[in-house]
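Mind having a look at this structure? Questions to follow.
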There are 2 protein chains.
Amino acid sequence: LSTLTPEQLDRLRVVLVSPRNPLNIGAAARAMSNFGFSRLRVVNPYEVAFREARSAVGAAALLRSAEEFGGVADAVADATLVVGTTALGHRELQHPLRKLEYGARLIRRRLASSPVALLFGSEKYGLANRDLSHCHWLIRIPTLEAHGSMNLGQAVAVSLYELVRDSRAATRKPEPVKPATEGEVERLTAMLLEALKASGYTNPRTVASTEEKTRRLVRRLHLPERDIEIWLGIFRQVLWKLGGGAP
Amino acid sequence: LSTLTPEQLDRLRVVLVSPRNPLNIGAAARAMSNFGFSRLRVVNPYEVAFREARSAVGAAALLRSAEEFGGVADAVADATLVVGTTALGHRELQHPLRKLEYGARLIRRRLASSPVALLFGSEKYGLANRDLSHCHWLIRIPTLEAHGSMNLGQAVAVSLYELVRDSRAATRKPEPVKPATEGEVERLTAMLLEALKASGYTNPRTVASTEEKTRRLVRRLHLPERDIEIWLGIFRQVLWKLGGGAP
């Protein structure tokens, strides 16, 4: 799945700062679980929300083992790299702001050797300046300016996806479907031609050109081997019904 | 922001099949809005959920303009490419299954010229075989097998992110912070050395080697130009307090 090893996945600390909504805490935990991360930390959560999220039916072990901290400093103390997330157009540029794609690359590199903390702010206000001062730099998810603020659970999902996704997969072709052999395609072509003849589609004066056109038509279908028998069966049945051949 | 033009963004139809939860419909709409897409279609939704989602406070215009269909065939009729999404390990492999990264590339290519429909199934059951039969192929988001099922809103967010993200951004370096000049760094080094002397840190017998070590120490900080004056100010103050210089 991931370009990260289990040890590397385990080195990421996902830190939610002051989350207010139990559904978002749950969604963040689910995204972590989906992508193979396990270390959730919550700073100064709205207590009711955190309790509710942890006791929710179906809450992952991950959520139950989430650690709670009173401040960002403690929550990131074991990390050698602290990265904040921000919506576009977000106040201060005291920090270098990196595109998610580029920042994820730097985070992956650091995870190879030591812990990294990735911070997400509250649903309403994002990360406060005080929280940001603990960060080495910030990443932003490439959303539209006008609709910059992402749902917290979705922001976590997109960020973690970018961390684990396989950049080589975009160009690596999938296993090709086994194509039909030319002999199989020609058998089908012949049967189709019989059906065209039997149905009266073929004009006797242009039989030769129809045959060529039909041959090209069938080849443009790029049929997989497994579909040949199905098509043969279909035309065999049609032919039989047209009285042009035996079923 | 996006590698897709406004026309291309407008050619994608995001089709939610049988969604049950108004929060998920809202989250899907929000993710679309975040990434610049606008055409939401809903097939056979749980009516109460759809009505609730559309009338929610703050629901985007996008959600209110969502089109409702009674079946998948109608919802994808204007598309030339229909792509389903699935969780890993999902039943039938009647369809070619492509990694999200690779599938997104094919979708982007098709969006250059004609409409593409991207289907998401219900929260509980995903896409039914009947829905899948309308698809040319499927993509799967690279989640862990054991935790394969993604939250609907998050699955939409991750898929759309992959469609719009800039693959070149991963290797393109951000604007570098302007580094301090060697003259500035040396000014700071000199002041630090004065402070070390005034504080008694420097052993008179090893002054020369201390100076060299300190010079290297300061250079390893790779200070940006804008921080030089701050550090000079700090050491100037320390020196003054130590009685070693004028404030």
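The values are calculated or read from the model by the stated rules, or taken from the named source; none is laboratory data. For clarity, every value in this text was computed on a predicted model and none was experimentally measured. Glycine gets a Cβ as well: all are built from the backbone with ideal geometry, and neighbour counts include every protein chain shown. These accessible areas exclude ligands, DNA and RNA; they are computed on the full protein's heavy atoms, side chains included. Shrake-Rupley method; radii C 1.70, N 1.55, O 1.52, S 1.80 Å.
So, of the residues in the range B:1-34 that are polar (S, T, N, Q) and without any contact (Cβ under 8 Å) to a residue 60 or more places away in the chain, which turns out to be farthest from the other protein chains (Cβ to nearest Cβ)?
It comes out as B:Thr5.
Let me ask another. At pLDDT below 95, over 18 Å from A:Ser122 (Cβ atoms) and of a type in the set (A, V, I, L, M), is that true of A:Leu23?
no
Please pick out the residue among B:Phe50, B:Phe37 that is in a helix (DSSP H, G or I) and either open to solvent by less than 20 Å² (accessible area, probe 1.4 Å) or away from chain A (no Cβ under 14 Å) (or both).
Exactly one of B:Phe50, B:Phe37 is in a helix (DSSP H, G or I) and either open to solvent by less than 20 Å² (accessible area, probe 1.4 Å) or away from chain A (no Cβ under 14 Å) (or both), namely B:Phe50.
Cβ-Cβ distance below 6 Å, separation of 6 or more or different chains: which pairs start in the range A:149-173 with a residue that is modelled with pLDDT under 90 and end on one that is basic (Lys, Arg) and not in a loop (DSSP other than H, G, I, E, B)?
A:Asn151/B:Arg30; A:Ala169/B:Lys99; A:Ala170/B:Arg105
Just to check your reading of the model, which residue among A:Ala195, A:Ala208 is modelled with pLDDT under 85 and either in contact with a strand residue (DSSP E or B) (Cβ under 6 Å, 6 or more places away or on another chain) or not in a loop (DSSP other than H, G, I, E, B) (or both)?
Unique residue meeting the criteria: A:Ala208.
Give the residues of the range A:63-78 that are hydrophobic (A, V, I, L, M, F, W, C) and either open to solvent by 20 Å² or more (accessible area, probe 1.4 Å) or at positive phi (or both), sorted by residue number.
Listed by number, the residues that qualify are A:Phe69, A:Ala73, A:Ala77.
Listed here are the residues, each with its yes/no results for (1) within 14 Å of chain A (Cβ to nearest Cβ); (2) of a type in the set (Asp, Glu).
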{"position": "B:Leu160", "(1), (2)": "yes, no"}
{"position": "B:Ser167", "(1), (2)": "yes, no"}
{"position": "B:Glu182", "(1), (2)": "no, yes"}
{"position": "B:Ala190", "(1), (2)": "no, no"}
{"position": "B:Gly200", "(1), (2)": "no, no"}
{"position": "B:Thr206", "(1), (2)": "no, no"}
{"position": "B:Thr214", "(1), (2)": "no, no"}
{"position": "B:Asp227", "(1), (2)": "yes, yes"}
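Can you work out which of the residues in the range B:222-247 that are modelled with pLDDT under 85 and part of a loop (DSSP other than H, G, I, E, B) is most open to solvent (accessible area, probe 1.4 Å)?
It comes out as B:His222.
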